[in-house]
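Right, one structure below, let's go through it.
Just so it is clear, none of the values below were taken in a lab; they were calculated from the coordinates. Not measured: the values here are computed from a predicted model. Every residue, glycine as well, gets a Cβ built from its backbone with ideal geometry; the counts of neighbours run over all protein chains shown.
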Ligand code: PPS
């Protein structure tokens, strides 16, 4: 028995060691590609994604992945889970702060394995990955499918408003959506692959239409699946905050554009900043002031 346990622990340590070595190798390769070659950043990004998403990501049993084909109710589910797993206050800068977009964060190197480790449990991630690419648990997956025609139209509007698409709906539908030549590929394949797993115990397969037609009972299903403990008295507030009207009012905390701004560390509401005169000198050191004044005197700019 002791020999068996020893053998198991050696194997486990060996696997960790192998994973760490591959991770280090990929990290070095990315660094070389980025820093020394400067091109091929796509390869470096995919490299990083594989490294962080599959080698450095250590799943926890209470991790939850919200998975969808784009435009199928992802953001809505992010808000629902945020409301169910916290007090749901709206002091957050962006929903990505509490529910990061797994694939994007890793692909664009916005987060790494260490950052993932520091997130408190339950970690809730958004992802658009097809089944074959999603990291394997132990964890939970909530998949939302939406009527494909509604998805096509919503995606068309998104391509126009966020991705510079200038064609009409027919062009988008025939040349891009139906051919799977859009971000995350074919809607048909994405939904079909995930549907094969709708009965898996770690998958809760929902429809956007369930949320539209019966938000309350769908939320109870989610609470049960995620094993959350939510007092009944909070339900009216949760339902209100997950309503379309509420989310529309706070759109900047959900929009993709503000997510990109948040990821890059830009602060919103900092462009029209203070509007005061004379407070600039508070920032200057003695030396900086002398340096500045010398230049002013040299060019006779004292009256400015
Ligand atoms: S994305 O870009 O992939 O993250 O988009 P996603 O969040 O998956 O889907 C966007 C659509 O979801 C609608 N939405 C909602 N519908 C009803 N109620 C609420 N609270 C809600 N929040 C988001 C959003 O309006 C998009 O659908 P369309 O058809 O474009 O309006």
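Tabulated results
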| quantity | calculated |
| --- | --- |
| Residue within the range 97-108 that is outside any loop (DSSP other than H, G, I, E, B), without any contact (Cβ under 8 Å) to a residue 24 or more places away in the chain, buried (at least 20 other Cβ atoms within 10 Å of the Cβ) and within 13 Å of the ligand (Cβ to nearest atom) present | no |
| Criterion violated by residue 124 - all others in (1) surrounded by fewer than 20 Cβ atoms within 10 Å (Cβ to Cβ); (2) within 10 Å of the chain's Cα centre (by Cα) satisfied | (1) |
| Enumeration of residues in the range 157-173 that are assigned to a helix (DSSP H, G or I) and touching a helix residue (DSSP H, G or I) at 6+ places or on another chain (Cβ under 7 Å) | 159, 162, 169, 172, 173 |
| Selection from the range 247-304 of residues that are in contact (Cβ under 8 Å) with a residue 24 or more places away in the chain, loosely packed, with under 13 Cβ neighbours inside 10 Å and not in a loop (DSSP other than H, G, I, E, B) | 257 |
| Total residues in the range 62-89, condition surrounded by fewer than 19 Cβ atoms within 10 Å (Cβ to Cβ) and either away from the ligand (no atom under 14 Å from the Cβ) or on the phi > 0 side of the Ramachandran plot (or both) | 5 |
| Criterion: at negative phi and assigned to a loop (DSSP other than H, G, I, E, B) - qualifying residue of 191, 182, 212, 151 | 182 |
